[in-house]
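J.: Structure below; questions to follow.
The values are calculated or read from the model by the stated rules, or taken from the named source; none is laboratory data. Please read these numbers as outputs of a predicted model, since none were measured by experiment. When we count neighbours, we look across all protein chains shown, and the Cβ atoms used for this are built from the backbone with ideal geometry, even at glycine. With ligands, DNA and RNA removed, areas are computed over all heavy atoms of the protein, side chains included. Shrake-Rupley method; radii C 1.70, N 1.55, O 1.52, S 1.80 Å.
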Amino acid sequence: LFTAFRAGAESYEGISKGDWLARVGRFVASIHQRNVTHTDLSSGNVLFTLIDGESTFYAIDIGRARFDDRHNPFADLARVCYKLDWPDRETLMASYLGHYRLNKKHRWRWWCRAYDYKLALKKGLKGNLKRARGKRT
(Lines give C-alpha, C1' and ligand atoms only; values in the text may rest on other atoms or scores of the structure.)
Protein backbone atom coordinates (compact mmCIF):
# COMPACT_ATOMS: atom_id res chain seq x y z
CA LEU A 1 0.00 0.00 0.00
CA PHE A 2 2.61 2.57 1.08
CA THR A 3 5.05 1.47 -1.60
CA ALA A 4 2.38 1.83 -4.28
CA PHE A 5 1.62 5.38 -3.16
CA ARG A 6 5.31 6.24 -2.97
CA ALA A 7 5.59 5.06 -6.59
CA GLY A 8 2.79 7.43 -7.62
CA ALA A 9 -0.37 5.31 -7.50
CA GLU A 10 -3.53 7.31 -6.86
CA SER A 11 -5.55 4.30 -5.75
CA TYR A 12 -5.05 0.79 -4.47
CA GLU A 13 -7.49 -2.08 -4.88
CA GLY A 14 -10.05 0.39 -6.25
CA ILE A 15 -9.90 2.71 -3.24
CA SER A 16 -8.46 6.21 -3.54
CA LYS A 17 -5.19 7.14 -1.90
CA GLY A 18 -6.90 9.77 0.24
CA ASP A 19 -9.41 7.25 1.55
CA TRP A 20 -6.65 4.74 2.36
CA LEU A 21 -4.59 7.33 4.21
CA ALA A 22 -7.64 8.40 6.19
CA ARG A 23 -8.27 4.76 7.12
CA VAL A 24 -4.68 4.32 8.29
CA GLY A 25 -4.94 7.55 10.30
CA ARG A 26 -8.13 6.29 11.97
CA PHE A 27 -6.47 2.94 12.73
CA VAL A 28 -3.44 4.51 14.39
CA ALA A 29 -5.68 6.91 16.33
CA SER A 30 -7.78 3.97 17.56
CA ILE A 31 -4.65 2.26 18.89
CA HIS A 32 -3.42 5.39 20.62
CA GLN A 33 -6.83 6.16 22.11
CA ARG A 34 -6.50 2.83 23.93
CA ASN A 35 -3.13 3.99 25.35
CA VAL A 36 -1.20 1.56 23.15
CA THR A 37 1.97 2.80 21.50
CA HIS A 38 3.53 0.32 19.09
CA THR A 39 7.05 1.90 19.11
CA ASP A 40 7.92 0.14 15.82
CA LEU A 41 4.90 0.99 13.69
CA SER A 42 6.53 1.00 10.27
CA SER A 43 4.43 0.51 7.17
CA GLY A 44 5.62 -3.11 7.09
CA ASN A 45 4.09 -3.72 10.51
CA VAL A 46 0.63 -2.61 9.44
CA LEU A 47 -1.39 -5.29 7.68
CA PHE A 48 -4.94 -5.15 6.46
CA THR A 49 -7.68 -7.24 4.96
CA LEU A 50 -10.04 -5.84 2.38
CA ILE A 51 -13.43 -7.51 1.94
CA ASP A 52 -16.15 -5.85 -0.10
CA GLY A 53 -14.46 -2.46 0.25
CA GLU A 54 -14.23 -2.71 4.04
CA SER A 55 -10.75 -2.74 5.49
CA THR A 56 -9.61 -4.16 8.79
CA PHE A 57 -6.15 -3.20 9.99
CA TYR A 58 -3.77 -5.18 12.17
CA ALA A 59 -0.50 -4.25 13.83
CA ILE A 60 2.14 -6.97 13.91
CA ASP A 61 5.53 -7.23 15.62
CA ILE A 62 4.20 -5.81 18.88
CA GLY A 63 7.02 -7.04 21.11
CA ARG A 64 8.09 -3.50 22.01
CA ALA A 65 4.58 -2.06 22.38
CA ARG A 66 3.76 0.09 25.39
CA PHE A 67 0.40 -0.19 27.09
CA ASP A 68 0.29 3.06 29.00
CA ASP A 69 -0.02 6.77 28.25
CA ARG A 70 3.60 7.68 28.99
CA HIS A 71 5.01 7.13 25.51
CA ASN A 72 4.92 9.68 22.71
CA PRO A 73 2.52 8.54 19.96
CA PHE A 74 4.20 10.78 17.38
CA ALA A 75 7.17 8.45 17.28
CA ASP A 76 4.76 5.82 15.89
CA LEU A 77 3.39 8.28 13.38
CA ALA A 78 6.83 9.32 12.13
CA ARG A 79 7.64 5.68 11.42
CA VAL A 80 4.38 4.88 9.66
CA CYS A 81 4.68 8.04 7.54
CA TYR A 82 8.29 7.42 6.51
CA LYS A 83 7.58 5.95 3.06
CA LEU A 84 5.02 8.63 2.22
CA ASP A 85 5.76 11.96 0.58
CA TRP A 86 4.87 15.13 2.48
CA PRO A 87 1.43 15.74 0.92
CA ASP A 88 0.44 12.16 1.77
CA ARG A 89 1.78 12.59 5.28
CA GLU A 90 -0.42 15.68 5.61
CA THR A 91 -3.47 13.65 4.56
CA LEU A 92 -2.78 10.83 7.00
CA MET A 93 -2.05 13.24 9.84
CA ALA A 94 -5.19 15.30 9.16
CA SER A 95 -7.21 12.13 9.70
CA TYR A 96 -5.25 11.17 12.80
CA LEU A 97 -5.36 14.63 14.38
CA GLY A 98 -9.05 14.97 13.57
CA HIS A 99 -9.78 12.21 16.06
CA TYR A 100 -8.17 14.30 18.79
CA ARG A 101 -9.54 17.64 17.60
CA LEU A 102 -6.01 18.96 17.29
CA ASN A 103 -5.13 21.58 14.72
CA LYS A 104 -2.78 21.04 11.81
CA LYS A 105 -0.13 23.20 13.46
CA HIS A 106 0.74 20.40 15.82
CA ARG A 107 4.44 19.53 15.97
CA TRP A 108 4.12 16.17 14.20
CA ARG A 109 6.25 17.48 11.32
CA TRP A 110 9.20 17.79 13.68
CA TRP A 111 8.90 14.10 14.58
CA CYS A 112 8.78 13.12 10.91
CA ARG A 113 11.80 15.25 10.04
CA ALA A 114 13.75 13.88 13.00
CA TYR A 115 12.97 10.30 11.96
CA ASP A 116 13.87 11.05 8.32
CA TYR A 117 17.18 12.48 9.52
CA LYS A 118 17.84 9.51 11.78
CA LEU A 119 17.35 7.03 8.94
CA ALA A 120 19.39 9.10 6.49
CA LEU A 121 22.23 9.22 9.00
CA LYS A 122 21.94 5.48 9.65
CA LYS A 123 22.00 4.68 5.92
CA GLY A 124 24.97 6.97 5.41
CA LEU A 125 26.91 5.32 8.22
CA LYS A 126 26.13 1.86 6.86
CA GLY A 127 27.32 2.94 3.42
CA ASN A 128 30.56 4.31 4.86
CA LEU A 129 31.12 1.10 6.81
CA LYS A 130 30.55 -1.04 3.71
CA ARG A 131 32.95 1.11 1.68
CA ALA A 132 35.58 0.92 4.43
CA ARG A 133 35.27 -2.87 4.63
CA GLY A 134 35.52 -3.13 0.85
CA LYS A 135 38.79 -1.22 0.80
CA ARG A 136 40.43 -3.58 3.30
CA THR A 137 39.97 -6.70 1.16
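J.: At 7 Å along the Cα-to-beta-carbon direction for both I51 and R70, put a label point, then send me their distance in nm to one decimal.
T.: 3.9
J.: What is the local net charge at D19, summed over the other residues whose Cβ is closer than 14 Å to its Cβ (Lys, Arg +1; Asp, Glu -1)?
T.: -1
J.: While we're on this one: Which angle from 0 to 90°, rounded to the nearest 10, does the C-alpha axis of helix 17-33 make with the longest principal axis of the chain?
T.: Orientation of helix 17-33: about 90 degrees from the principal axis.
J.: Going by alpha carbons, how many degrees (0 to 90, nearest 10) lie between the helix axis of 86-98 and the longest principal axis of the chain?
T.: It is inclined by approximately 40 degrees.
J.: So how tilted is helix 108-136 from the main axis of the chain? Cα-based, degrees 0 to 90, rounded to 10.
T.: 30
J.: Between V28, V80, V36, where does the largest GNM mean-square fluctuation fall for the chain, given springs only between Cα atoms within less than 10 Å?
T.: For the chain, modelled as a Gaussian network with Cα springs under 10 Å, the answer is V36.
J.: While we're on this one: Using only the alpha-carbon atoms of the chain, report the extent along each of the three principal axes, biggest first, to the nearest angstrom.
T.: Its Cα atoms span 55, 37, 31 Å along the three principal axes.
J.: Distances over 18 Å make up what percent of all Cα-Cα pairs in the range 9-68?
T.: 37
J.: Modelling each spin label as a point 7 Å along the Cα-to-Cβ direction, I'd like the L129/E13 distance in nm, to one decimal.
T.: If labels sit at L129 and E13, their model points lie 3.6 nm apart.
J.: Output ³J(HN,Hα) for the range 56-63: one whole-Hz value per residue in order, computed from phi by the Karplus curve 6.51 cos²θ - 1.76 cosθ + 1.60 with θ = phi - 60°, and x for Gly and Pro.
T.: Karplus-based 3J(HN,Hα) across the range 56-63 equals 10, 9, 9, 9, 10, 6, 9, x Hz.
J.: Further question on the same structure: Express the carbon and sulfur contribution to the solvent-accessible surface of the chain as a percent, rounded to the nearest whole number, probe 1.4 angstrom.
T.: Working: 4600 of 8660 Å².
Carbon plus sulfur share of accessible area: 53 percent.
J.: Hey, another quick one. With a Förster radius of 25 Å, plug the Cβ-Cβ distance of A114 and D85 into 1/(1 + (r/R0)^6) and report the FRET value to the nearest 0.05.
T.: Once the sixth-power term is evaluated, E becomes 0.90.
J.: Going by accessible area, probe 1.4 Å, with all protein chains left in place, what is the ranking of D68, D76, largest first?
T.: Output order, biggest surface exposure first: D68, D76.
J.: Amide H of S11 versus every other amide H placed in the peptide plane: which residues, excluding those fewer than 5 positions away on the same chain, fall under 5 Å?
T.: It is K17, by chain and number.
J.: Same structure again: With every protein chain kept in place and ligands, DNA and RNA left out, what is the accessible area per residue of the chain? Probe 1.4 Å, answer in Å².
T.: The answer is 63 Å² per residue.
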